[in-house]
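Right, one structure below, let's go through it.
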Amino acid sequence: MRPPYQTGDACVNQAADNIDTYASIDLDALRAGLFSGLQQEATTKEIFLSQANDDGSPAEGLPPFALSWFNNHIAPKRVLAIAEVANEARRITLDGGDDGVLEPLALGSAQRRRTKDLATATQEFIHKNSALIERHNQLETVYVRHRNNEGREAKTPSLLALSILFLVVLIPESALNYESFRVAPMIRSAAMASGITLIVGMAIAFGGHSLGIFIRRFNYYRRGNDNIRRNSGWPMLWMGLGCLILALAAVAVARYHFILPKIAEMIALGNEPPNIYSSVAGLMLGNLLCFLLTAMVAFVMHDPNPEYESAARDLGKRKKELMKRSSRLNGMRKEIDRRLESDRHAIRQKNRAMIGKPGYATVLQRFERIRAMDQKVIAMLQDYRRQLAERLQPGTTVSMKDFSGDPLRTVRHFSSKEFAAHPLQLWMFDD
């Protein structure tokens with residue numbers, strides 16, 4: 001039976017032994033034909049390697065000329081040799097009348113089925129989510145360009161971190177200010193006092209956050225001869241300082257009206273009253289410390305480049321959305337891998353039943369002749385790839401389609417060294 005990658009009719013005498021025919025191929029005579037395409041292929045700007053799920057290829061990672069050479073000169077005879085040894089194994093009858101099996105070929109078929117099933121599932125996912133994937137790739141390109149300029153990864157504060165920051169500020173703010181606002185003028189109830197305390201705390205937190213961001217991005221805003229950047233930074237500064245001044249003014253007024261009755265009471269009792277200015281300044285200092293704490297945390301959490309931070313945040317959102325949608329693909333990948341393990345177990349169990357059967361040792365010996373010839377072919381193909389990698393022109397791209405379950409990484413790019421070192425294995429299967 002001819003696997004799908006056979007491209008021509010086998011000009012082999014059917015009376016001859018196909019395994020002998022394959023094992024006796026004169027590779028030295030064919031070597032010149034293979035290496036005749038080396039110079040031309042080395043001058044191309046793009047080289048697309050054969051991929052794992054390609055029916056027209058006997059191996060992953062072959063450049064086009066080497067693939068064509070193999071299919072024209074090696075594949076026809078190799079196909080017949082593999083088919084012959086597979087048929088010989090099937091003719092060995094197991095208990096119950098079941099056909100025999102040659103373990104390496106059966107395992108190869110199971111692995112190839114897994115590769116094709118995984119490629120099909122990945123391609124279906126890409127087709128259904130093409131718009132989201134395209135948007136993700138666009139955002140990734142923007143992010144990478146920023147990273148090239150910055151030379152580092154971006155900082156992106158999480159929503160949880162920002163929420164914790166605001167709570168850390170609001171809790172001590174409330175403890176500091178509530179008592180003063182409870183007796184301030186025009187505050188008629190505990191609910192009103194709680195409300196104004198919360199508003200002041202939020203102003204302190206927001207103001208500190210704005211000022212911290214402005215200081216963090218000061219160099220970004222002050223780039224020379226760039227009025228747009230400069231003007232975009234000033235609002236952050238004025239909002240931060242404005243929130244601080246208004247909040248401290250409200251605290252000072254409330255504290256002043258809180259301390260006045262205390263001073264009058266102590267004077268009436270003949271005690272020395274506290275200094276009103278020190279009391280007001282002390283409470284304002286506490287609020288100022290909360291403001292500075294918020295500013296420092298904002299300085300540490302945010303990126304100096306707001307465009308870079310925005311690009312990272314947008315990319316992260318799309319990536320999370322893709323990961324959420326890809327849960328079904330991950331489930332299918334696990335099922336495919338589970339099927340492969342089940343098939344492997346069944347094949348190995350069946351192979352145990354083959355051991356000792358009449359003729360099986362001979363089948364193994366004949367199969368080893370095919371494998372030995374495969375190693376010679378692989379060695380020549382690897383030599384071709386090594387020499388091709390050495391002759392590649394600067395700027396030449398070497399890539400390969402890879403539908404192995406990651407919808408965002410369907411193309412693998414190789415450096416010349418990676419290309420030369422990429423493992424090469426000829427597929428073997430019996431179906």
How much of Arg409 can a 1.4 Å solvent probe reach, expressed as accessible area in Å² and rounded to 10?
110
The answer for region 129-217, accessible area per residue at 1.4 Å probe in Å², is 55
Counting DSSP beta bridges in the chain, what percent are antiparallel, to the nearest 5?
60
Based on the Kirkwood radius over alpha-carbon pairs, what value in µm²/s does the Stokes-Einstein equation return for the translational diffusion coefficient of region 277-431 at 37 °C and 0.692 mPa s?
141
Of the candidates His73, Gly242, Ser36, the farthest towards the positive dipole end of the chain (Lys/Arg Cβ +1, Asp/Glu Cβ -1, centred on the Cα centre) is Gly242
Ordering of 40-46, 94-100, 20-26 by burial proxy (mean other Cβ atoms within 10 Å per residue, highest first):
20-26, 40-46, 94-100
Across Gly37, Gly56, Gly195, the residue with the highest GNM fluctuation in the chain (Cα network, 10 Å cutoff) is Gly195
Per 0.36 nm of contour for each residue apart, how much would the distance between Val168 and Arg152 grow if the chain were fully extended, relative to their Cα-Cα spacing?
2.8 nm
For Arg391 and Ile378, extending 7 Å from Cα along the Cα-Cβ vector and measuring point to point gives, in nm, a value of 2.5
For Asp383, tell me the accessible area in Å² from a 1.4 Å probe, rounded to the nearest 10.
30
Rounded FRET efficiency, nearest 0.05, which uses the C-beta distance separating Ile355 from Ser68 and R0 of 41 Å
0.55
Answer in debye to the nearest 20: the dipole magnitude of the chain about its Cα centre, from +1 Lys/Arg and -1 Asp/Glu charges placed on Cβ, is 940
Once you put a point 7 Å from the Cα of His257 and another 7 Å from the Cα of Trp234, both along the Cβ direction, what distance in nm separates them?
3.6
Can you sort Leu38, Leu160 by 1.4 Å-probe accessible area, starting with the largest?
Leu160, Leu38
With semi-axes √(5λ) of the Cα gyration tensor in Å defined as stated, name the option among [x] 33, 28, 20; [y] 60, 25, 16; [z] 77, 27, 15 computed from the structure displayed.
[z]
Counting only protein heavy atoms with a 1.4 Å probe and every protein chain in place, the carbon and sulfur fraction of the accessible surface of region 25-179 in whole percent equals 53
Helix hunt in the chain: which complete DSSP H runs extend at least 27 Å axially by C-alpha with mean Kyte-Doolittle at least -1.0?
103-128, 159-182, 190-216, 227-268, 276-301, 360-391
Translational diffusion coefficient (Stokes-Einstein; Kirkwood radius from C-alpha pairs) of region 319-383 at 20 °C, 1.002 mPa s, in µm²/s
135
Burial ranking of peptide ranges 340-350, 71-81 (average Cβ count within 10 Å, highest at the top):
71-81, 340-350
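The values are calculated or read from the model by the stated rules, or taken from the named source; none is laboratory data. Note that this is a predicted model, so its numbers are computed, not measured. No Cβ is skipped: glycine too gets one built from the backbone with ideal geometry, and neighbour counts run over all protein chains shown. Ligands, DNA and RNA are excluded from the accessible area calculation, which covers all protein heavy atoms including side chains. Shrake-Rupley method; radii C 1.70, N 1.55, O 1.52, S 1.80 Å.
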